[in-house]
Amino acid sequence: MQLIAVDELREGMVLAQDVVSDAFVNIVTESTIVTQDIIDKLEKLDIEFVYVHSEMVTNDEVDFSESEPVFDNLEDEKALNYNFNKTVDKIKNIFNDLKFGVADIKAEMDGTLDPLLSGIITNNNILSSLRCMKYDDDYTLKHSVNVGLLAAMIGKWYGLNDHQVSELALAGTLHDVGKSKIPRYILNKPSELTAQEFGIAKQHVVYGYEILKESRGFSDEICEGVLYHHERFNGLGYPQAIKGQSIPLYARIIAIADVFDALTNDKVYRGKISPFLAADVIKSMSFEELDPQISNLFLKKIAEFYVGNKVLLSTGEEGEIIYLNKFSLTKPLVQIGEKFVDLSMKTDVKIKEVL
Ligand SMILES: [Fe+2]
């Protein structure tokens, strides 16, 4: 571990300690891979020194070229959108093929996620990428790829190895593949499902598991990640109502990615909500339904990501997130012009939108 000046900090270095402000608020956590965004954020907040893993400072042999942000310029953004849409189209083909019989999912997905995943594995910044992805087709298709990428991101934050991260991406992307066997009128019904319709819809997890098992080439972990993604930590999920740690890890991670993406994207029957309001929902669910440890890690990383971002408050005012409140991550300190608003003290004011 070595203390270095922020102006000597380079992309690809790994922080060896949490970076905490004078007000004891966490700005960036230990083990975060440094990106240009993080360097800018630290400079903006007048942080002068940070601890990094020393081998990253002294080893000139280390090649950080792959740690470049995924989209530094328009070309990269275009490439990202191209790869995203290509992946969504693959999922569309799989869903269509499955309606008429069996799809060769393994062949269809082989290498498809790699260009998107390389960005996740070398760069913590998938959230801004997801915000840029544009796809005007079926919600389920876009949601599938988003969940795959978010699940992979959470897996990376959780400390899983690259093989596990890519398995999670695959399991997340295919988590709802069983919906190809559910009648469309149920999937697209804008009003609440009847008990009978809900019973049919719930079968998608079993269908998904069977489809992947029959396809061969998918590990048990991937198949079980799909089967159990609607299980809940308190044992009130489906299909088997298993609880706590007995729910496989991939499924616990996919559950969080699934809920977060569903809340932050427009759906047929509900408008999207801001990442902070979605994070509040994840937080409330973490007491009973979602894995509390993984949820907390997710909240911490999400909140950190948005420090420095412009936001629209429920009061109609625009401001900038300045500091995170360590004990209330979804309620940061926001600067509006000359004044500072501590959202943890103002329970009636929410972050309506991230600009
Ligand atoms: Fe599902």
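The packing ranking of peptides 46-53, 186-193, highest mean first, is 46-53, 186-193, where packing means the average number of other beta carbon atoms within 10 angstrom of each residue.
Normalised by 2.2 N^0.38 Å, where N is the number of residues, the C-alpha radius of gyration of region 192-346 stands at 1.25.
In region 141-199, Rg over Rh equals 1.15, where Rg is the alpha-carbon radius of gyration and Rh the Kirkwood radius from pairwise Cα distances.
Averaging Cα coordinates gives a centre for region 277-316 and one for region 232-268; these two points are 16 Å apart. Restricting region 158-230 to trypsin sites (Lys or Arg not before Pro) that sit in a DSSP loop and have at most 15 other Cβ atoms within 10 Å of their own Cβ leaves R216. Highest mean first, the peptides 241-250, 164-173, 99-108, 147-156 sorted by other C-beta atoms within 10 Å per residue fall in the order 147-156, 164-173, 241-250, 99-108.
For region 256-355, GluC sites (Glu not before Pro) meeting the loop criterion (DSSP other than H, G, I, E, B) and having at most 11 other Cβ atoms within 10 Å: E338. Divide the volume of the convex hull around the Cα atoms of region 304-354 by the residue count and you get 65 Å³ per residue.
Were the residues from T194 through E318 laid out at 0.36 nm apart, the gain over their Cα-Cα distance would be 40.5 nm. Annotation for region 276-328: chymotrypsin sites (Phe, Trp or Tyr not before Pro) lying in DSSP loop with at most 12 further Cβ atoms inside 10 Å of their Cβ are F287, F327.
Across all C-alpha atoms in region 170-225, the radius of gyration and Dmax reach 12.4, 38 Å.
Computed from the coordinates by the stated procedures, all read-outs in this text should not be read as laboratory data. Keep in mind the model is a prediction, meaning the values are calculated, not measured. In this analysis, Cβ positions are derived from the backbone assuming ideal geometry, glycine residues included, and neighbour counts consider all displayed protein chains.
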